[in-house]
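Right, one structure below, let's go through it.
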């Protein structure tokens, strides 16, 4: 017995049993590989207080992975914010308009990231990885998000220049030293806003995490 398969588009099997071949035909599903499917929506969440050049690097590289990429600003009750939600949204919108394509949008949300992801119909959550420590935490978070919300996570490695950058470290340096020394790590509009905010707050900036046991 010999079973031959014609090209997939033909929908034909030729089954040879003994001297006479038997021809089977069947309906093939339409090839929709070229038809447009639902848009792939990426979600890049964070507190972005402040947004750094490392964040911006991930956004610029991640925008080509999706039809739409939403930079979503959330809140973290364990962190003291320097900038209000609206201030952060204004800063990031300026950067996106200057450095990114029209597929990148800026939004804000409250509550769980996975709930917001469901709300916007996100295909995947975009995350940047700086080091092995990030990987351990992000791997656990990605598995949890997939288990409870059935949403995937796409990881992009940070550029070499930003592998050590964190918003918390930047806030600590800005609070106790010269803000201008942070110019390799922060976009110009963030530097300007930090200087203005530090002056408004009497020469200091909040940067420590909130201790919910003591309220301090």
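Some notes on this structure:
- Residues (in a helix (DSSP H, G or I) and touching a strand residue (DSSP E or B) at 6+ places or on another chain (Cβ under 6 Å)) located in region 137-167: 138, 142
- Considering residues of region 80-113 that are closer than 21 Å to residue 39 by Cα and in a helix (DSSP H, G or I) only, the residue modelled with the highest pLDDT: 96
- Cβ separations smaller than 6 Å between residues 6+ apart or across chains give the following pairs from region 105-133 residues that are touching a residue at least 40 places away in the same chain (Cβ under 8 Å) and on the phi > 0 side of the Ramachandran plot to residues that are assigned to a strand (DSSP E or B) and surrounded by fewer than 20 Cβ atoms within 10 Å (Cβ to Cβ): 121/41.
- So residue 153, is it within 19 Å of residue 81 (Cβ to Cβ), buried (at least 16 other Cβ atoms within 10 Å of the Cβ) and under 16 Å from the mean Cα position of the chain (by Cα): no
- Qualifying residue in region 205-212 (condition: at pLDDT below 80, over 13 Å from residue 81 (Cβ atoms) and either surrounded by fewer than 17 Cβ atoms within 10 Å (Cβ to Cβ) or within 21 Å of the chain's Cα centre (by Cα) (or both)): yes
- Residue check, residue 143 at pLDDT 90 or above and either over 25 Å from the mean Cα position of the chain (by Cα) or exposed (fewer than 14 other Cβ atoms within 10 Å of the Cβ) (or both): yes
The values are calculated or read from the model by the stated rules, or taken from the named source; none is laboratory data. Treat the numbers as computed from the prediction; the structure is a model and nothing was measured. Neighbour counts run over all protein chains shown; Cβ positions are idealised from the backbone, glycine included.
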